[in-house]
Amino acid sequence: MGARTQVCYEMLSTVIGETIWQVRSLVVAVVTVATLVVAPVRSIVPPVAAQAGQQREAGERGNPTTTVWVNTRSGVYHCPGTRYYGNTKNGQYMTQAEAQKQGNRPAYGKFCR
């Protein structure tokens, strides 16, 4: 290798080395900032999302006075006019509000209107 080639090679190695070091430093800085910003946001998001879900769910619980058929074995209640309303082996009639208070859930996730 000639003297000029050697000098160019050393200069190029220095520039590349510094560039790699700068990129590494930049990546470390970005990861640090992301950790500091995202960690507090994560602790806030679940409660807010849970509140929104509870508010939405409270408004969509159906008509509390509707008489439903509760399958006492499965804990699932059925709305009037549906296939299993009054047709399961073990069950009883009650209002939708009573069924929900006892921990029963609506069939197919659909509340009675």
Exercise. Conditions: (1) under 21 Å from Lys110 (Cα atoms); (2) of a type in the set (Ser, Thr, Tyr); (3) modelled with pLDDT under 95. Thr32 meets all but one. Number of the miss?
Worked result: (1)
Problem set entry | In the range 87-113, the residues that are surrounded by fewer than 12 Cβ atoms within 10 Å (Cβ to Cβ) and of a type in the set (Gly, Ala, Ser) | Gly103, Gly109
Problem set entry | Candidate set from the range 80-109 (those that are of a type in the set (Ser, Thr, Tyr) and not in a helix (DSSP H, G or I)); member that is nearest to Pro64 (Cα to Cα) | Thr95
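The values are calculated or read from the model by the stated rules, or taken from the named source; none is laboratory data. Because the structure is a prediction, the values reported are computed rather than measured. When we count neighbours, we look across all protein chains shown, and the Cβ atoms used for this are built from the backbone with ideal geometry, even at glycine.
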